[in-house]
Amino acid sequence: MPEPFRYLAVKNWDKYQAGTRGKWIKDYVDRESDPDYAKLTMFQRALLDGICRLRGRLGKNLPNDSTHIARALLVCATERPRIGNAIDTLIERGFLILTNQQDGSIEERRKEESRGDVVPIGEPAEKPKPEAFTPEDLAPTVLTQIGIGLTAGTAKAAIEAIRVKAKQPDWDAQKASLHIIERAHAYRASPVFKANGTRFKSWEKWLIEGCYDEPPESWNGNGKEHVTKQGKTIDRGYVPLTKT
């Protein structure tokens, strides 16, 4: 049985992303006028957009691994089973291209194939192990999922929060990111946040001080100091819940 292609390339990536660098990629405002794009479901479109951002962030083609991509994009557990089929559709319709090149464009691959420098498909090829994502990789996605603007301060706070949580036994950066996102949504949904918003606590401090491991109900904005179990004094309007 032929070995599967190891990577996924985004169609015309080098052509349309020429000159981009750092934290930004280009998009096309009239994308919906493309008949092929218009036939995609909203889920497939969102996945394609996420894959483009991930491609830009990593600076190379993505592993042909739906589980790896779902984790990198922090897809919720209920939607992860749909990722594989959606990727297959994007491949069938030409938005994603199967390749054995991790770096370099599709055009470069074709040149190598014409020279005979590329191993023909069908010969054994070692499937790469998914690379571990770092806090720096995941921080932008965490902020987007929470609904926080990406600034130097929030990015630094998110990176530090992921790094600290990931150091705990049996945790890693991806698991820490999902945990922080879930707790942030719990805090945002709490009556305290709805009443006060970030009036008493900025999101940067919320992340840096590890508030994602505190019960949201304990926030009442009274401005009093609280001493943690580790002896750290935190002035953030926190009042520990008392058992009755």
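Quick notes on this structure:
- Residue pairs, from the table K23/K165; K15/K167; K11/K165; K165/K194; K167/K205, whose Cα atoms sit over 30 Å apart: K15/K167; K11/K165
- Within the shell defined by Cβ-Cβ distances under 11 Å, the residues around Y212 carry a net charge of -2, with Lys and Arg each +1 and Asp and Glu each -1.
- Within-15-Å neighbourhood charge of R82 [Cβ basis; K, R +1; D, E -1]: +1
- Taking Lys and Arg as +1 and Asp and Glu as -1, the other residues whose beta-carbon sits under 14 Å from that of A166 total -1.
- Sites Q102 and K194, calculated FRET efficiency, Cβ-Cβ separation with R0 45 Å, nearest 0.05: 0.45
- Taking 20 °C and 1.002 mPa s as conditions, region 9-63 diffuses translationally at an estimated 178 µm²/s according to Stokes-Einstein applied to its Kirkwood radius (Cα pairs).
- Listed peptides 23-29, 38-44 by packing density, highest first (mean Cβ within 10 Å): 38-44, 23-29
FYI, it's all coordinate maths here, none of it is from the lab. Since we're looking at a predicted model, the values are computed, not measured. Glycine gets a Cβ as well: all are built from the backbone with ideal geometry, and neighbour counts include every protein chain shown.
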